[in-house]
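A short write-up of the structure that comes next.
Computed from the coordinates by the stated procedures, all read-outs in this text should not be read as laboratory data. This is a predicted model, so every value here is computed, not measured. Here Cβ is always computed from backbone atoms with ideal geometry, including for glycine, and neighbour counts include all displayed protein chains.
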Amino acid sequence: MSLLDNASHRRLNPLTGEWVIVSPHRTARPWRGQEEDLSVVDRPAYDSTCYLCPGNQRANAERNPRYGGVFAFDNDFPALTPDAPPDGLDDNGLLVARGEPGICRVVCFSERHDLTLSRMQVCDIVRVVEAWREEHRRLGALEFIDYVQIFENRGAMMGASNPHPHCQIWATRSLPNEIVKETRSQNDYLTRKKSCLLCDYLALEEKLGERVVCRNDHFTALVPFWAAWPFETMVLPRRHIGAFDDFGGEETYAFAEILRLLTVRYDNLFKSPFPYSMGFHQRPTDRERHPAWHFHAHFYPPLLRSAAVRKFMVGFELLGSPQRDITPEAGARRLRDLPTTHYAESVGDSG
Ligand code: H2U
Ligand code: ZN
């Protein structure tokens, strides 16, 4: 009986230093959840009531240009504003606060209301990657911005307010919690091993193969050994690059391609638009060099065993540690075995 396949165990996330409980024996129970073939609600290419469609009025009465392709604007309801005073409060280390200036942006991926990354042409996703890179460069260059977090909430289940394909960017003065943890872990690893944590991890996963979902010339998508969510994935560049700034032309194209390859598989998993929160982790823009930082994307999908059954991180997971039943290896196998043609595009092929 091998530990990883059959017995409850916990796995270390070396990027955060946190543990996740894996309960593989629970997957012995039959796959009861019906894989529902939820028919997609057909969305129009243009929706006159959408505040992100070209030419439409936004909630603050500003009108979008009649854009084609990518369109970025300052969030009309920003969580962070540049003018927050830098004042601090520290009462005995117990009541601690600091002003947090920041900038929030919204980036529409396409003028088409009905598309998603999984349904866009790779050449059009390339335009989106270029926009992310430019936003990251411009915001990161600001003196008061130390981190630029780009993220997409897709689907109502993940709290996306609008199906029009878009992402958000929050640029902050401070490093967010996850970045603090990942920076520390990558720095420690570099100091101890004189090598990059994620370069070494990727090499190991490429050798083993069992958690790899898909790959192209420059990127690999895999279910991390320590994944907490059933179908969580990471996308890693094979070259040691720390941020969008370091992408070469071929890497930009390959990144767009792997995003499409992965999101098509996600949609095909339950033959339904697959909800997730995804985002990019890159080196801080605090003017330090950060040689240990290895760029990557995280996808955190909330679904468990059908388009209708979601996993809740509650109970022990909220109070103790995250836990999962389907092993990361089984999750990777299921994603890997899916067709690479989107279910809505494959004629006479049920996948
Ligand atoms: P989400 O779908 O991830 O919530 O992103 C939509 C963002 O768009 C959200 O942050 C902003 C909201 O504040 N927004 C505008 O900036 N203008 C609008 O007219 C409506 C929504
Ligand atoms: Zn729209």
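With both labels modelled 7 Å from their Cα along Cα-to-Cβ, the D42 to L89 distance reads 5.5 nm.
Each of L303, L142, L3 was scored by other Cβ atoms within 10 Å of its Cβ. Arranged with the fewest first, they read L3, L142, L303. Note on R26 and A61: the model spin-label points, each 7 Å out from Cα along the C-beta direction, lie 5.2 nm apart. The charge dipole of the chain, taken about its Cα centre with unit charges on the Cβ of Lys, Arg, Asp and Glu (plus for the first two, minus for the last two), comes to roughly 820 debye. Here is the short version for the chain: C104, C108, C123, C167, C214 have no other Cys C-beta closer than 4.7 Å.
Sorting Y276, Y343 from the fewest to the most surrounding beta carbons within 10 angstrom yields Y343, Y276. Would you mind classifying the stretch 222-351 by shape? Square roots of the alpha carbon gyration tensor eigenvalues, ordered a ≥ b ≥ c; an a/c under 1.5 is rounded, otherwise it is prolate if a/b is larger than b/c and oblate if not. Since a/c reaches 1.5 but b/c is at least a/b, the shape of the stretch 222-351 is classed as oblate.
Inter-part distance, the stretch 99-119 to the stretch 150-184, computed on C-alpha centroids, equals 10 Å.
Remark: the Cα gyration tensor places the stretch 22-175 in the oblate category, a/c being 1.5 or greater and a/b not exceeding b/c. Exposure proxy shown here: for R127, R265, the number of other Cβ atoms within 10 Å sets the order, fewest to most, as R127, R265.
With contacts taken as Cα pairs under 8 Å at a separation of at least 6 residues, the stretch 234-351 carries a relative contact order of 31 percent. Were the residues from L4 through K207 laid out at 0.36 nm apart, the gain over their Cα-Cα distance would be 71.3 nm.
Applying 0.36 nm per residue to the separation of M313 and S161 and subtracting their alpha-carbon distance, the gain on full extension is 52.6 nm. Here the translational diffusion coefficient of the chain follows from Stokes-Einstein with Rh set to the Kirkwood radius across Cα pairs; for 25 °C and 0.890 mPa s it amounts to 114 µm²/s. As a length-normalised measure over Cα pairs under 8 Å and 6 or more apart, the relative contact order of the chain settles at 21 percent.
Along its first, second and third principal axes, ordered by size, the stretch 144-206 spans 45, 36, 15 Å in Cα coordinates. The overall shape of the stretch 123-241, judged from the alpha-carbon gyration tensor, is oblate: a/c is not under 1.5, and a/b is no greater than b/c.
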